[in-house]
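Reading through the structure tokens given below for one structure.
The values are calculated or read from the model by the stated rules, or taken from the named source; none is laboratory data. Source: prediction; values computed, not measured. Heads up, the Cβs are rebuilt from the backbone with ideal geometry, glycines too, and the neighbour counts pull from every protein chain shown. Protein only, heavy atoms only, side chains kept; ligands, DNA and RNA dropped before computing areas. Shrake-Rupley method; radii C 1.70, N 1.55, O 1.52, S 1.80 Å.
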Amino acid sequence: MIFDTHAHYYDDAFDADRDALLAQLPDKGVDLVVCPGCDLESSRQSMALAERYDYLYFAAGFHPENLEGVTMNQLDEIRALCAHKKCVAVGEIGLDYYWVKTPEDRANSRDFFDAQLSLAEELNLPAIVHDRDAHKDCVDMVRAHPNARGVFHCYAGSIEDAKVLVDKGWMLSFTGNITFKNARRAPEVISWLPMDRIMLETDAPYMAPEPYRGRRCDSSLIPLMAQTVAQLKGLTTEEVLRITLENGKRFFGIA
Ligand SMILES: [Zn+2]
């Protein structure tokens, strides 16, 4: 009963054994995976994986770190990818002020986030949002798009921001970093967050949970995140896996 709502299986880290790994995941309890793209090439690679594996769906979009040389008319190609029957979201999109430093580049990334949220609204698809060190501007962007819906992936914001997002109908998803000994903010948020707003993800190949921290991650490790959520919520790991699977299916519109 595993739904990994965010895993980058086109990443080079899987080049040596991608097909062997993806063929085995259903035997390890993995029911569903969403693979989000970060630019045109990785969105197309994600689509190709979705065509190959029944349990794998994809999202298409420009990540804020991948905007160099990208023009707004390339969003037409994202729009075309979104018409694919296995495309379940626009993503991953958002803001990253850790890597994107200059005022010009940050303004450009806000323009692309804005345009891609509008695209998600127009296509009636959810958005997968990446927010690193840009909480205020990301939440403001959500406020500016009252008809958009989506998920903040690898959520690292405050409870206050979480309350705004939940109020607007958004979801939050959590990676292996919630299992780290020094995790503080995410456990607080999870303790407060209504169970129907939580999804789980690996962000593979990154963010492997304890005790695999620092190693390559894959979707079979999701039960370790579920265990942490279960402890915070007073539920069993199985209950958390079942609820987050249902949440993900509802959110992405997967029957
Ligand atoms: Zn990601």
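Tabulated data
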{"quantity": "Count of residues meeting criterion [within 16 Å of the chain's Cα centre (by Cα) and either over 19 Å from residue 88 (Cβ atoms) or within 16 Å of the ligand (Cβ to nearest atom) (or both)] in the range 144-161", "calculated": "8"}
{"quantity": "Of all residues in the range 1-27 being free of Cβ contacts under 8 Å to residues at least 60 places away in the same chain and hydrophobic (A, V, I, L, M, F, W, C), the one that is nearest to the ligand (Cβ to nearest atom)", "calculated": "22"}
{"quantity": "Flag if residue 97 is surrounded by 12 or more Cβ atoms within 10 Å (Cβ to Cβ) and closer than 25 Å to residue 249 by Cβ", "calculated": "no"}
{"quantity": "Qualifying residues in the range 162-171 (those that are over 15 Å from residue 248 (Cβ atoms) and open to solvent by less than 60 Å² (accessible area, probe 1.4 Å)) - the one farthest from the chain's Cα centre (by Cα)", "calculated": "164"}
{"quantity": "Residue match in the range 172-192 (condition: in a loop (DSSP other than H, G, I, E, B), free of Cβ contacts under 8 Å to residues at least 60 places away in the same chain, open to solvent by less than 20 Å² (accessible area, probe 1.4 Å) and in contact with a helix residue (DSSP H, G or I) (Cβ under 7 Å, 6 or more places away or on another chain))", "calculated": "no"}
{"quantity": "Criterion violated by residue 34 - all others in (1) in contact (Cβ under 8 Å) with a residue 24 or more places away in the chain; (2) more than 14 Å from the ligand (Cβ to nearest atom); (3) within 24 Å of residue 70 (Cβ to Cβ); (4) not aromatic (Phe, Trp, Tyr) satisfied", "calculated": "(2)"}
{"quantity": "Residue pairs meeting the criteria (Cβ under 8 Å; at least 6 apart or on separate chains; first over 18 Å from residue 128 (Cβ atoms) and at pLDDT 95 or above, in the range 64-80; second open to solvent by 70 Å² or more (accessible area, probe 1.4 Å) and not small (Gly, Ala, Ser))", "calculated": "72/111"}
{"quantity": "Test set (1) within 16 Å of the ligand (Cβ to nearest atom); (2) surrounded by 20 or more Cβ atoms within 10 Å (Cβ to Cβ) - residue 117 fails condition number", "calculated": "(1)"}
{"quantity": "Pairs where the first residue, in the range 210-221, is within 11 Å of residue 28 (Cα to Cα) and the second is open to solvent by 80 Å² or more (accessible area, probe 1.4 Å) and at pLDDT below 95, C-beta under 7 Å, 6+ apart", "calculated": "221/212"}
{"quantity": "Qualifying residue in the range 100-114 (condition: farther than 22 Å from residue 133 by Cβ, away from the ligand (no atom under 15 Å from the Cβ), aliphatic (A, V, I, L, M) and surrounded by fewer than 19 Cβ atoms within 10 Å (Cβ to Cβ))", "calculated": "no"}
{"quantity": "Criterion violated by residue 95 - all others in (1) modelled with pLDDT under 95; (2) touching a Pro at 6+ places or on another chain (Cβ under 6 Å) satisfied", "calculated": "(1)"}
{"quantity": "Which listed residue, of 56, 81, 49, 67, is within 16 Å of the ligand (Cβ to nearest atom), over 19 Å from residue 199 (Cα atoms) and under 18 Å from the mean Cα position of the chain (by Cα)", "calculated": "49"}
{"quantity": "Residues located in the range 120-143, provided they are away from the ligand (no atom under 15 Å from the Cβ) and open to solvent by 10 Å² or more (accessible area, probe 1.4 Å)", "calculated": "121, 122, 123, 124, 125, 133, 135, 136, 137, 140, 141, 143"}
